[in-house]
Structure formats: C-alpha cells, structure tokens
Amino acid sequence: MKIGFIGLGNMGSGMAANLLKAGHQVIAYNRSQAKVDALAARGAVAARSVAEASSADIVFTMLANDDAVEAVTFGDDGVLASLKSGGIHVSSSTISVALCGRLTAAHADAGQGFVAAPVFGRPDAAEAAKLFVVAAGEAARVEQVSPALDAIGQRTFVVSDRPNAASLVKLSGNFLIASVIEALGEAMALVAKAGVDKHQYLEVLTSTLFNAPVYKTYGGLIAGEQFVPPGFASTLGQKDIRLVLAAAEELDVPLPIGSLLRDRFLTLLANGGADLDWSAVGALAAWEAGAPFPAVSR
C-alpha cells in the first residue's frame with residue numbers, strides 16, 4: 001500500500017518504520033526534516049510538504065494535539081485539500097471527541113474516508129510494533145486500512161462505526177492510566193517515608209495484586225524517578241485529562257478523579273515539570289511529604 005505519514009515524533013517514527021518493514025511504500029513528512037531524512041535512509045520517500053504526503057491512498061497523522069491536527073488537515077494544501085477522492089485519513093493522534101467529529105464530517109463532504117485509530121503504548125512499543133490500536137469508522141474503510149494497522153500493532157480493537165468513539169475510548173484509557181500513576185505515587189510516598197524500599201514494594205504489588213503492565217511500567221518509573229527523557233510528556237498528559245473532562249461534561253458524566261488529576265498535572269507544570277514524563281505526577285505526593293521535587297536533570 002502507498003501510505004503517507006505525517007508526524008515523526010516519539011511514536012510516529014516507530015510506527016512509520018514498521019509500515020516500511022511490512023513492505024508498504026511510505027511517504028513521510030515532519031516539520032523537522034532530520035527525522036524525515038532518517039526514515040528516508042531506511043527506504044521512505046521524503047515529502048517536503050503535507051500535500052506531498054497526502055498524495056498517497058492512505059495518510060496517517062500522528063501529532064501532539066488538536067491544534068496540530070487541525071492545522072495539518074484544514075490548512076492550505078492540507079490533508080483535506082490534497083487527499084484524493086476515496087482516499088482515507090487515519091488519525092492516530094489522541095484528540096478531542098469534538099475534533100474527531102469535525103474530521104469525520106469534513107472528509108465525508110470531500111468524498112474521502114476517515115478512520116480514528118489512536119493507540120495505547122509508549123515509544124518502545126511503537127518501535128517494536130506492539131501497540132494496541134483502537135479503531136473506529138465505516139466498516140469498509142476500517143477494512144481497507146487494516147493491513148496498515150496490523151503493521152503497527154499487536155492487536156486492533158474495532159469499537160464502532162463512529163470514529164469519535166475511538167477518541168473517547170482512548171481518552172478514557174489515558175484517564176485510567178493517570179489514575180493509576182497518582183494512586184501508585186501516593187502509596188509509594190506513604191511506604192517510602194516509613195523506610196520501605198520503593199522497588200521492593202513495587203515487586204510485592206506486581207507479584208500479587210497488581211500483575212499488570214501499567215503497574216509494572218509506571219511503578220518502575222516512579223520508584224526509579226525516571227522521568228527524563230519523557231516517553232509521554234506531562235504537557236500531553238494534562239491535555240488528555242482536559243479533553244476527557246470536556247467529553248464527560250458533554251455527556252453529563254461526573255469524573256471526580258478526573259478533576260483531581262487536572263489539578264495534579266497543573267501542579268506539576270506550575271512547578272517546572274513540563275519537560276518530565278507524565279509519570280512524574282506520581283512523584284508529587286512524595287514531594288508534598290517532604291521529598292525533593294522531581295528534577296529535570298535526573
């Protein structure tokens with residue numbers, strides 16, 4: 001398949017590389033040309049513009065936030081203006097439910113397809129093609145792009161024929177991850193202040209009650225204070241909590257823990273934590289109990 005790929009950040013670089021490994025032709029675009037050149041050395045075609053990348057049959061976007069996706073899609077010579085009739089835009093970005101709805105309608109009006117396919121997994125999972133893909137869209141469109149989704153992940157979950165359902169599922173999942181991070185941080189702050197080794201405590205937890213990847217991964221990061229470099233930046237975590245609260249408000253669903261997490265991320269950002277991994281939220285409880293604030297230099 002001929003696939004355009006826009007956004008070669010921590011996640012997108014690995015995803016695009018795995019499309020190449022699976023034998024697809026990839027036309028790659030990124031604002032930083034060095035990342036495009038690195039992928040071109042592995043066989044990709046280097047695009048100099050969004051329009052060039054959108055000349056493919058399918059174009060993926062993997063971008064940081066709503067503003068970036070809007071600019072790339074609706075801008076002059078953007079995806080919407082450049083993708084051919086019948087082409088499919090696959091959005092793997094974690095974006096708002098509202099924007100997902102706008103993208104669905106705009107592409108339909110242009111005679112194009114739109115599939116929301118956000119992913120669960122950190123950069124190492126993206127590099128290893130071990131992501132979990134949450135896909136939604138018209139069944140025929142999802143079927144068309146399924147070989148590409150299979151190339152980037154270990155399993156695809158098709159949750160609806162409405163793309164915005166995939167956005168909601170992804171945001172709700174990130175809300176749950178952030179909840180685990182906060183709870184782990186509080187529990188570790190408690191036992192550590194009493195002199196219990198945090199790594200030993202984590203081994204007890206993950207060998208008994210909480211033998212799950214989310215506890216192992218984020219527990220390890222919190223216990224080791226491994227917040228740099230960020231696999232998922234705290235600014236993105238704050239954005240996702242804001243978006244899940246907006247979706248909940250639209251549906252009249254109270255999320256009390258979500259409101260707490262919003263304030264926890266704002267506390268982290270207000271104290272200089274913008275360049276830390278979002279798991280640094282789990283260090284706030286220890287800081288409030290007298291430990292040093294998580295340092296960017298760690």
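Nothing in this text is a laboratory measurement; each read-out follows from the coordinates by a stated rule. Source: prediction; values computed, not measured. We place every Cβ from the backbone using ideal geometry, glycine too, and count neighbours over all the protein chains shown.
Within the range 236-256, how many residues turn out to be free of Cβ contacts under 8 Å to residues at least 24 places away in the same chain and part of a loop (DSSP other than H, G, I, E, B)?
Filtering the range 236-256 down to residues free of Cβ contacts under 8 Å to residues at least 24 places away in the same chain leaves 242, 245, 248-249, 251-254, 256.
Pick out the ones that are also part of a loop (DSSP other than H, G, I, E, B) and you get 251-254.
Within the range 236-256, residues that are free of Cβ contacts under 8 Å to residues at least 24 places away in the same chain and part of a loop (DSSP other than H, G, I, E, B) number 4.
If PHE175 satisfies all but one of (1) assigned to a helix (DSSP H, G or I); (2) of a type outside the set (Asp, Glu); (3) more than 20 Å from THR94 (Cβ to Cβ), what's the number of the condition it fails?
Of everything listed in (1) assigned to a helix (DSSP H, G or I); (2) of a type outside the set (Asp, Glu); (3) more than 20 Å from THR94 (Cβ to Cβ), PHE175 misses just condition (3).
Return the residues of the range 223-259 that are more than 20 Å from the chain's Cα centre (by Cα) and of a type in the set (Val, Ile, Thr); say none if nothing qualifies.
Keep residues of the range 223-259 that are more than 20 Å from the chain's Cα centre (by Cα), which gives 223-225, 249-257, 259.
Residues satisfying the conditions are VAL253, ILE257.
Run SER85 past the list (1) surrounded by fewer than 18 Cβ atoms within 10 Å (Cβ to Cβ); (2) among the polar types (S, T, N, Q); (3) closer than 24 Å to LEU243 by Cα and report the number of the one that doesn't hold.
(3)
Residues that are free of Cβ contacts under 8 Å to residues at least 60 places away in the same chain, touching a strand residue (DSSP E or B) at 6+ places or on another chain (Cβ under 7 Å) and among the hydrophobic types (A, V, I, L, M, F, W, C): list the helices (runs of 4 or more DSSP H) wholly contained in the range 1-113 that include at least 3 such residues.
Details: elements: 12-21, 33-40, 50-53, 66-74, 79-82, 97-109.
Counting at least 3 such residues, we get 33-40.
Which pairs have Cβ atoms under 9 Å, sit 6 or more apart or on different chains, and link a residue in the range 192-205 that is in contact (Cβ under 8 Å) with a residue 60 or more places away in the chain to one that is assigned to a helix (DSSP H, G or I) and of a type in the set (D, E, K, R)?
Qualifying pairs under 9 Å: ALA192/LYS198.
Would you confirm, using the coordinates I've provided, whether LEU149 is touching a residue at least 12 places away in the same chain (Cβ under 8 Å), of a type outside the set (Lys, Arg), assigned to a helix (DSSP H, G or I) and under 26 Å from LEU276 (Cα atoms)? Lay out the reasoning, then the answer.
Values: touching a residue at least 12 places away in the same chain (Cβ under 8 Å): yes; of a type outside the set (Lys, Arg): yes; assigned to a helix (DSSP H, G or I): yes; under 26 Å from LEU276 (Cα atoms): no.
It is false that LEU149 is touching a residue at least 12 places away in the same chain (Cβ under 8 Å), of a type outside the set (Lys, Arg), assigned to a helix (DSSP H, G or I) and under 26 Å from LEU276 (Cα atoms).
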